[in-house]
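Down below is the structure, laid out as structure tokens.
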Amino acid sequence: FLARLHQRPRCPHSPAGVGKSLPERGLLLLLMVFVFLEGSVLPLGAASSPDVSHKGNVDNHQVSDVVHNHTKKAFPVLDLDYQHIQTPFEISLWVLLASLMKLGFHLIPRLSGIVPESCLLITVGLLVGGLIKLAGEEVPPVLDSRLFFLCLLPPIILDAGYFLPIRAFMDNLGTILMFAVVGTLWNAFFIGGLLYAVCQIQPANPNPLHTLELLPCLLFGSIVSAVDPVAVLAVFEEIHINELLHILVFGESLLNDAVTVVLYHLFEEYSGQGSVTVMDCFLGVLSFLVVSLGGVLVGAIYGIVAAFTSRFASHTRVIEPLFVFVYSYMAYLSAEMFHLSGIMALIACGAVMRPYVEANISHKSHTTIKYFLKMWSSVSETLIFIFLGVATVDGPHAWNWTFVTVTVILCLVARVIGVIGLTYVINQFRIVKLTTKDQFIIAYGGLRGAIAFSLGFLLDKDLFPMREMFLTAIITVIFFTVFVQGMTIKPLVELLAVKKKQEAKRSINEEIHTQFLDHLLTGIEDICGHYGHHHWKDKLNRFNKKYVKKCLIAGERSREPQLIAFYHKMEMKQAIELVESGGGVNLPTAVPSTEHPAQEASSAKPAERALPQLPKGREEEIRNILRSNLQRTRQRLRSYNRHTLVADPYEDGFGDFLLKKQKMIELEKKIKNMNNYLTVPAAPPDSPTMCRARLASDPQAYRGKPDSDNVPTIHVDLASPQSPDSVNMMDEFRQAGQQQKHQQQEEDQGLMMKPPSGQRGPKKPGEADSDRDQQKLTRCLSDPGPSADEDEDEPFLP
Amino acid sequence: MGSSSSNMNHIPDAEELMQETGFSSAHLLRLYERFEFLDREKRGELSPDDFEAVGRLALNPIGGRIIGAFFSQGQETVDFASFVRILAHFRPADTNRRDGAPQDPANSQTRKLKFAFQLYDQDGDGMISRVELLQVLRAMMGIQVTEEQLQSIAERAIQEADLDRDDAISFDEFKKSLEKVNIDHKMSIRFLR
């Protein structure tokens, strides 16, 4: 550690990257200065900490007495009273350090590409801890278990739980539970048992390991076997694996908390007594059920109460986010009070509360919640890793080569065997099987983290004389998994991916058609019903719609909140686009189509099938456009990143989809408004031929064509005459189905809306339109539309 | 599933359907249950409304076309037999052919492709014209793509695939352009095995 400490300070002085600008260097320098400052301030704080303070006070009293005796004490214009603000100051200092570190890492792009952030943060923690130690002071016990479990962990878990992709989670619940419960049990017993065996067979000299009994070993095994959500999240978000794997490993890390809690308490209790009977085992199983289900129940109750509360919050929108946070935190604390699984309570609370709360709260509150959660969880995570580093430097260490190395090896081996074995069983029941590559990632991604350390820290010194050895081993395992596995998982993933995929260059046709087929297959699968599990899901959905939503969602929003929410979203987007459209739309340039006939004429004889040689860049451009824009189906290939605030592709898809339709109309409308400002009715229904013509971007086609009203059209009227538009639109949604019966489809119209015939007479021209636009604009800007936010939308029970 | 075979009696022409499409009785039963679920008004046949009740289909860029494919020319409703026949296209190909199986089963490669082709070719003239291709492209592409870009993409696609220079893609040309793609993998529902 000291060697590393010596090396580190030299880094910032050498130019770490080409072309770094002056402000960036300044910031880096500031960071380093700050770290040193922190290192020196904290000992200062420690020096005046309560242990020494009484002495200080006595000194002060003496001094002030002396002064008082001699002269009248001068009024202190400037005084230093660190005592007064010590604790909050130190806390703020730590938080500030964490945040500045996060900033700083992105200034060194090369480094952050190779080393995951968590590693860097631990290193910083080591640095700060080392500095403090060098200064000769006592390192503050920052990774205090209470602090960790009550303050640092909940934000991360809440963030994860609130934004949990429920559908993916539920689809894979069986698998996740298997990994979480059976996998953790297997790990714990395997590691604990084998460790005990190894300790017993140690060569004879009075080896301290001999004193280690079975139960403490099992306890140790259970502590060190749990996959840690914080570490997993921190590493996985950098490697961008697909959603399925992410949800598997992450879900496992969350749900194994219940198992860990039970095992921990079980072994801790019985370590004192030295033996475990069958009855105890049975009680253990019972306890597990109580802990997990109880935790979920507590969370769900709080979630429902929160949802109910939010229903009435329409008059005090400012404190809406507070309800979300406080209720969740109380759920966590309540669960912890009964020794239930706090993590599961938090997850359940967030997941249950979310759909209803989002329907009730305003758009701004929604954004606030989102950003606060992300902010807190980010800071928490950073702090945890830094503290881990500091605690490493601090903690009393008892290094025992055998114990530590055997632990590390056993952890790896147990994980691999566990995953392979479980996958074999699970694949019998899964529709989408887990491949070898998936298994590798699951096994390799089983990182340990701060939870294990904190649990070890909680151990009682008297009951467990080997506590320090345990702690050392735990820290080593954590370091190993986070550093080694964390750093190498990215290149390994890429290596595997490259090996598997022989991506030959696909022709443009292939790209288009395969995407088409994907959509087709998705559609057919939807028609067939999803994976056969639909019975209970539908029942749950129906129950939800009928009763629960009525209770928990305010007013008229409960009836068709999803549609209205989408409609609001549409409105917002339209409004924004309307505002922006004044400046024109910036589009990437395209090669004019006159190029093509010329080239085609010059192509070779048909037998040879020489394609007209487009300039190479053009072909690449086309390919890129295709690749990046073809609407992805909502399958498991989507890469998942917690921090990018992007939710289900399902919701993205819908927003995009509607936008597309809007855009087509927009374009038409823009041109029309520019040309015939005074004449034509604002929104004539267009025949399919019109639409086809429109696609060919022929502006001439936009002369209003009063056609039959029965023709199905894609039609969203921005400037519609009536103000109760929401109702109208909803009717149109419903009517859309009826219209389709009459006509064969000419276009791809997932959602069709048709102006109710006869209701729209010729409208007042021009200024009436803009009036209505204004009306609409003001309405939607003041209207609380919770899911008007384009990123986060979730069907209520997907 | 796991219901007794007495339920099979509800299904009209069950034997015949199984023979024709190759579905097992368990699958047929499951599809029948799904059919009944979709048929909310219990008329014994499905209308386009019932299909649209499948929420996610609305998001699908070609959702409307898929629904349309179930309703053959001029028909307004789909009965169970037609429902199953269409879905039979998406059965994974049989690895070993039984005797007595129809020579050109619904889930053969050609038939699958033909089904997809028909979804492109809405006017039924046997060719995917430029306009039809543009429609599909527009439906599938994100909003950032301009008309000109779409035009060039469609242009390029037709140039690549169009072997006989008639500025449209025939079924054979379509098949040829997809020869490297594993159609069975791409067009089989995984749980209908």
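The values are calculated or read from the model by the stated rules, or taken from the named source; none is laboratory data. Owing to the predicted nature of the structure, the values given are computational and were not obtained by experimental measurement. Positions of Cβ are generated from backbone atoms using ideal geometry, with glycine treated the same way; all protein chains shown enter the neighbour counts. Heavy atoms of the whole protein, side chains included, go into the accessibility calculation; ligands, DNA and RNA do not. Shrake-Rupley method; radii C 1.70, N 1.55, O 1.52, S 1.80 Å.
Numbers below:
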{"quantity": "Accessible surface, the range A:290-346, averaged per residue in Å² (probe 1.4 Å)", "calculated": "47 Å²"}
{"quantity": "Out-of-range pairs (alpha-carbon distance over 26 Å; input A:K370/A:K433; A:K102/A:K461; A:K364/A:K550; A:K490/B:K180; A:K364/A:K490)", "calculated": "A:K370/A:K433; A:K102/A:K461; A:K490/B:K180; A:K364/A:K490"}
{"quantity": "All-pairs Cα distance distribution in the range B:1-92, expressed in whole percent, bin size 5 Å", "calculated": "3, 13, 24, 23, 21, 11, 4, 1"}
{"quantity": "Pairs from B:K42/B:K186; B:K112/B:K176; A:K437/B:K176; B:K42/B:K112 whose Cα-Cα separation, in the structure shown, is over 25 Å", "calculated": "B:K42/B:K186; A:K437/B:K176; B:K42/B:K112"}
{"quantity": "Where A meets B: accessible area buried, both sides, 1.4 Å probe, Å²", "calculated": "7500 Å²"}
{"quantity": "Approximate spin-label separation A:Y371-A:L333, in nm, with each point projected 7 Å along Cα-to-Cβ", "calculated": "2.7 nm"}
{"quantity": "Convex hull of Cα atoms in the range B:108-187, direction-averaged projection (nm²)", "calculated": "5.5 nm²"}
{"quantity": "Volume per residue that the Cα convex hull of the range A:279-338 spans, once the total is divided by residue count, Å³", "calculated": "55 Å³"}
{"quantity": "Rounded to the nearest 20 debye, dipole of the range B:108-187 from Cβ charges on Lys, Arg, Asp, Glu", "calculated": "480 debye"}
{"quantity": "Stretchable slack from A:V413 to A:T488, in nm (0.36 nm times residue separation minus alpha-carbon distance)", "calculated": "25.3 nm"}
{"quantity": "Where A:L127, A:L185 fall by accessible area, highest first, once all protein chains stay in place (1.4 Å)", "calculated": "A:L185, A:L127"}
{"quantity": "Dimensionless Rg ratio for the range A:332-430, taking C-alpha atoms and the 2.2 N^0.38 Å reference", "calculated": "1.65"}
{"quantity": "Estimated vicinal HN-Hα couplings, Hz - the range B:67-76 in sequence order (Karplus 6.51, -1.76, 1.60; Gly, Pro = x)", "calculated": "4, x, 5, 6, 9, 6, 2, x, 7, 10"}
{"quantity": "Residue among B:L28, B:L59, B:H89 farthest towards the positive dipole end of the range B:1-92, charges placed on Cβ", "calculated": "B:L59"}
{"quantity": "Probe 1.4 Å - accessible area at A:C411, Å² to nearest ten", "calculated": "10 Å²"}
{"quantity": "Amide H contacts under 5 Å for A:H397, placed H, 5+ residues apart", "calculated": "none"}
{"quantity": "³J(HN,Hα) computed for each position of the range B:11-21 - Karplus, 6.51 cos²θ - 1.76 cosθ + 1.60, integer Hz, glycine/proline x", "calculated": "7, x, 6, 4, 4, 4, 4, 4, 5, 6, 9"}
{"quantity": "3J(HN,Hα) from dihedral phi, the range A:170-184, Karplus parametrisation 6.51/-1.76/1.60, rounded to Hz, x for glycine, proline", "calculated": "5, 4, 9, 4, x, 4, 4, 5, 4, 4, 5, 7, 5, x, 5"}
{"quantity": "Accessible area of A:Y371 in the full protein assembly, 1.4 Å probe (Å², nearest 10)", "calculated": "130 Å²"}
{"quantity": "With all protein chains modelled, accessible area of A:D257 [1.4 Å, Å²]", "calculated": "20 Å²"}
{"quantity": "Residues whose placed amide H lies under 5 Å from that of B:I128, excluding near-sequence neighbours", "calculated": "B:I169, B:S170"}
{"quantity": "Prolate/oblate/rounded label for the range A:145-498 (Cα gyration tensor, a/c 1.5)", "calculated": "prolate"}
